Amino acid sequence: MPVADRESPLDVGHPYLGIECKYRQKFPAIIRDGYAQAVAGSDGLIPLLALGEYKNSLILGVVNIDDLVKLLSHLCEVSNESAFL
C-alpha cells in the first residue's frame, strides 16, 4: 500500500515491515557484484547479500524482492497469518 503522503516517514504502509524505497540509475558495484556472487553460489537457495561496515555491528541483508515475497508467503503458510503480505 503506497503511503505517498507527507505524514508518514516511510514510502509504503505495511503491518510488519517498515518499507522505504530508493531508486537509482545504477547500484554501487559492491552491491551489484556481491549480489551476483550470492546468486552464482546459491544453487537453488535464496541468495542474500549481507553488507556491513568496519567497526559497526549493523549488518544489512539484500535480497531480491520476489524472493522476499516467497519468504513472507512461506512464513504466512507456516504461521497461518495472512497479514505479512
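The values are calculated or read from the model by the stated rules, or taken from the named source; none is laboratory data. Note that this is a predicted model, so its numbers are computed, not measured. Ideal geometry is used to build each Cβ from the backbone, glycine not excepted, and the neighbour counts take in all protein chains shown.
Quick notes on this one:
- For beta carbons closer than 7 Å, sequence separation of 6+ or different chains, a first residue in segment 32-56 that is surrounded by 13 or more Cβ atoms within 10 Å (Cβ to Cβ) and a second that is of a type outside the set (Lys, Arg) and at pLDDT below 95, the qualifying pairs are 46/71.
- Failed item, numbered, when residue 25 is tested on (1) surrounded by fewer than 12 Cβ atoms within 10 Å (Cβ to Cβ); (2) modelled with pLDDT of 95 or more; (3) touching a Phe, Trp or Tyr at 6+ places or on another chain (Cβ under 9 Å): (3)
- Test for residue 8: is it at pLDDT below 95, touching a Cys at 6+ places or on another chain (Cβ under 7 Å) and not aliphatic (A, V, I, L, M): no
- Segment 31-49 - residue that is over 16 Å from the mean Cα position of the chain (by Cα) and of a type outside the set (Asp, Glu) and, of those, modelled with the lowest pLDDT: 44
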